[in-house]
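Trainee: Below is the structure I would like to discuss, written out as structure tokens.
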Amino acid sequence: MNMMLILLTNTMLSTLLVLIAFWLPQLNIYAEKASPYECGFDPMGSARLPFSMKFFLVAITFLLFDLEIALLLPLPWASQTENPLTMLTMALLLISLLAASLAYEWTQKGLEWTE
């Protein structure tokens, strides 16, 4: 009986929350909410609009740096290895690569949005 009561309560609560989530956004509709938004471009417009190459380069640079940062995340688990010197050397190498890449992007003005 106790389990049935918990199951019924959870089902009713989740149904109520789903209904509220569908009902609330329809109360206040305006043009910005009703229009789709895809990466700053209007998906209903022409697909042949000029594309900003600067935006593309900054986005690719962000992805590369983000991937390299993701490689640093498992370091706390790697510190439990038998030879921490190897882990520290690899971490220093990766951080040095990140710093050198950032310095190169900075000197080439790859991080500046405006000309």
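Trainee: Just name one of Leu85, Pro74, Leu64: the one whose Cα is farthest towards the positive end of the charge dipole of the stretch 48-115 (beta-carbon charges, Lys/Arg +1, Asp/Glu -1).
Mentor: Going by the charge dipole, the pick is Leu64.
Trainee: Where q = 0.23 Å⁻¹, what log10 of I(q)/I(0) comes from the Debye formula for the stretch 48-115, counting one point per Cα?
Mentor: Summing over Cα pairs of the stretch 48-115 leads to -0.99.
Trainee: Taking θ = phi - 60°, what integer Hz values does the Karplus form 6.51 cos²θ - 1.76 cosθ + 1.60 yield along the stretch 82-99, in sequence order, with x for Gly and Pro?
Mentor: Whole-Hz 3J(HN,Hα) from phi for the stretch 82-99: 6, 10, x, 5, 5, 5, 5, 5, 5, 5, 5, 5, 5, 5, 5, 4, 4, 5.
Every number in this text was worked out from the coordinates using simple rules, so none of it is lab data. Note that the structure is a prediction, hence the values are computed from the model and not measured. Don't worry about glycine lacking a Cβ; one is built from the backbone with ideal geometry, like all the others, and counts go over all protein chains shown.
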